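> Got a structure here, written out as structure tokens. Questions coming.
The values are calculated or read from the model by the stated rules, or taken from the named source; none is laboratory data. Model, not experiment: these values are computed from the prediction. So basically every Cβ, Gly included, is an ideal-geometry build from the backbone, and we count neighbours across all protein chains shown. Surface areas here come from the heavy atoms of the whole protein model, side chains and all, with no ligands, DNA or RNA. Shrake-Rupley method; radii C 1.70, N 1.55, O 1.52, S 1.80 Å.
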Amino acid sequence: MNMEMKHGKEAFEERIMQLPVLDTHTHLVGDRLCASDFWEIAHYFWLFRELQAAGYPANAMELPEDIRIAAFLEAYHGSRNTMMNVVLTQIFKNLYGIVISDAASVLKADAAVKQTAQSATWAQEVADRMNVSRFVVNIPEHAEFQGMRENAILIPRIDGKLGGWVKEVELSHDPAAAFAQSREELTQLLDEFKEAGYLGIMTTLPSYEARANRKVVIGQGSTKDEILMMLLHELGAAAEQRGLLIQLFLGVERSWCGTATPVNDPARILKLSALFEAYACTFELVVASELNNLDIVQAAWNFPNVHVGGHWWFNFRASTYRDSMQYRLEALPAIKSSLIVSDARCMEWSYGKILLVKRIVSDFLWGQVEAGWIDHDTAIFVAENWLYGSAAKRYGITR
């Protein structure tokens with residue numbers, strides 16, 4: 001037996017925790033990377049939803065501090081089984097040495113966060129605690145990371161542009177001319193990105209009925225879904241010509257109600273498959289809908305230029321990670337798969353969510369080793385690629 005195997009699960013988990021990470025999607029802002037106070041961490045969207053489910057008021061920040069703290073503690077203790085609650089607990093325990101238990105601990109935590117917010121080195125210290133070497137942002141103004149060794153990797157998002165073009169064509173009295181204008185603007189935008197040295201683009205997509213294998217000529221009577229799909233064809237062609245990556249974020253819908261919801265569309269990836277076949281650019285697929293986890297693996301198995309990305313929105317749960325890791329392990333070389341999408345708005349939450357993912361990776365891969373499906377060295381190889389190597393290669397990171 002390999003000597004490292006004899007050290008058991010704890011040694012294996014420690015090794016996983018030390019592996020480098022590339023966080024492929026964040027909302028970090030370069031000149032304010034860290035939380036400014038306790039509430040910026042405690043009110044992070046994902047945790048806030050779980051706190052609300054335990055009775056926390058939506059207008060908590062409007063309450064007097066003592067009443068807000070009491071309401072927070074009741075909801076915090078009431079939601080202690082949820083994943084984001086566990087992450088919050090680990091953030092304060094590991095980074096600040098504080099156990100959240102009562103009003104005094106909340107005030108202590110608030111003072112601690114305010115103190116570290118003044119430190120020019122805190123962001124790098126937090127990143128180093130989980131060995132996160134690089135982060136991706138989607139807004140140019142956010143990419144200069146103050147106080148850190150490396151700036152962010154910038155993959156500009158174009159969903160605002162894409163949605164605007166669709167609407168302009170749909171409402172135009174001359175859809176064909178409007179589409180031609182949109183196509184010209186799209187190619188000019190990608191020329192600018194290429195000249196600026198960006199590696200590709202990121203976009204979310206709304207639901208669509210159109211299918212990429214049914215190309216149409218845009219004109220009077222064209223639906224908005226047909227317009228979107230034909231613009232995606234133009235995007236694929238332009239990205240291929242310029243050697244740019246297309247990062248697609250899929251599965252969150254805002255059309256059903258005022259709240260974003262996950263939608264499991266079994267044909268979502270299938271409808272796009274003709275794009276993967278037609279254009280040789282690299283596609284990275286990130287989904288927020290549980291049932292599409294297998295679909296993106298199938299797409300990456302079928303098309304060499306398709307890669308699977310991390311877990312987004314409602315997919316960020318241990319159960320979905322375990323299922324998708326099983327799909328990925330069985331079907332894809334590790335270099336085709338990335339796991340980390342923290343979606344964090346402050347460095348502390350990037351730390352907390354990556355800590356959680358590393359633990360899930362460790363538990364899963366250790367189980368595969370124990371069951372005899374892979375050996376110890378292969379497990380480490382897979383983890384290295386899932387956490388860092390796959391994204392680093394795709395994004396052209398050489399250090």
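> Please give, to one decimal in nm, the separation of the simple spin-label points placed at residue 180 and residue 65, each 7 Å out from Cα toward the Cβ.
Label-label distance for residue 180 and residue 65, simple model: 6.4 nm.
> In square angstrom, rounded to the nearest 10, how much accessible surface does residue 9 have for a 1.4 Å probe?
Roughly 90 Å² of residue 9 is accessible to a 1.4 Å probe.
> Would you work out the Kirkwood radius for the chain? I mean one over the mean of 1/r across all pairs of different Cα atoms, in Å. All intermediate terms of the calculation are to be shown ahead of the outcome.
On the way: mean 1/r = 0.0445 Å⁻¹.
One decimal place: 22.5 Å for the Kirkwood radius.
> Still on this structure: Residue 278 to residue 81: extension gain in nm, 0.36 nm per residue of separation minus the Cα-Cα distance?
Numbers: separation 197, 0.36 × 197 = 70.92 nm, distance 4.61 nm.
Roughly 66.3 nm would be gained on extension.
> Around residue 356, under 12 Å between beta carbons, what's the net of Lys plus Arg minus Asp minus Glu among the other residues? Walk me through the intermediate numbers first.
Working: positive: 317, 353, 358, 359; negative: 363.
Local net charge: +3.
> For a quick check, take a GNM of the chain with Cα springs below 10 Å and name the residue from 280, 35, 111 with the largest mean-square fluctuation.
Comparing 280, 35, 111 in a Gaussian network model of the chain, the most mobile one is 111.
> State whether the stretch 46-172 is rounded, prolate or oblate according to the following rule on the C-alpha gyration tensor (a ≥ b ≥ c being the square roots of its eigenvalues): a/c under 1.5 gives rounded; otherwise a/b larger than b/c gives prolate, and the remaining case gives oblate. The partial results should precede the final answer.
Working: a/c = 2.48, a/b = 1.37, b/c = 1.81.
The shape class here is oblate.
> Further question: From Cα pairs below 8 angstrom and at least 6 apart in sequence, can you work out the relative contact order of the chain, rounded to a whole percent? It would help to have the intermediate numbers written out before the result.
Values: 626 pairs, mean separation 82.0, N = 399.
In percent, rounded to a whole number, it is 21.
> Sticking with this structure for a sec: Just tell me, in residue order, which DSSP H segments of the chain are both 24 angstrom or longer along the helix axis (alpha-carbon based) and at least -0.5 in mean Kyte-Doolittle hydropathy. Mind showing how you got there, number by number?
Numbers: long enough: 175-196 (31 Å, -0.45); 224-242 (27 Å, -0.03); 347-370 (34 Å, 0.25).
Those that clear 24 Å and a mean of -0.5 are 175-196, 224-242, 347-370.
> Got a sec? Which residues in the stretch 259-274 would a label at residue 216 touch, if it sits 7 Å along Cα→Cβ and we count backbone N under 20 Å?
267-274
> A further question on this structure: Most mobile of 126, 29, 217 per a Gaussian network model of the chain (Cα springs, under 10 Å)?
Most flexible of the set in this elastic network: 217.
> Also, quick follow-up: At most 15 other Cβ atoms within 10 Å and a DSSP loop assignment: could you name the GluC sites (Glu not before Pro) in the stretch 84-154 that fit?
Numbers: sites: 125, 141, 144, 150; in loops: 144, 150.
Of the GluC sites (Glu not before Pro), the ones in loops of the stretch 84-154 whose Cβ has at most 15 other Cβ atoms within 10 Å are 144, 150.
> Could I ask something else about it? Which residue, chosen from 259, 245, 199, occupies the Cα position most advanced towards the positive end of the dipole of the stretch 181-261, where the dipole is computed from +1 (Lys, Arg) and -1 (Asp, Glu) charges on Cβ about the Cα centre?
The residue sitting most towards the positive pole is 259.
> Taking only Cα atoms and a 10 Å spring cutoff, compute GNM fluctuations for the chain and point out the largest among 233, 27, 43.
Checking each option, the largest mean-square fluctuation is seen for 43.
> Mind checking the per residue accessible area of the stretch 61-219 for me, 1.4 Å probe, whole number of Å²?
52
> Still on this structure: If you roll a 1.4 angstrom probe over the protein chains with everything in place, what fraction of the accessible area of the chain belongs to carbon and sulfur, to the nearest %? Could you put the intermediate results ahead of the total?
Values: 9050 of 17900 Å².
The C+S portion of the solvent-accessible surface of the chain is 51 percent.
> For an R0 of 35 angstrom, estimate the FRET efficiency from the Cβ-Cβ distance between residue 253 and residue 146 and round to the nearest 0.05. Walk me through the intermediate numbers first.
On the way: r = 36 Å, r/R0 = 1.02.
That pair, residue 253 with residue 146, gives E of 0.45.
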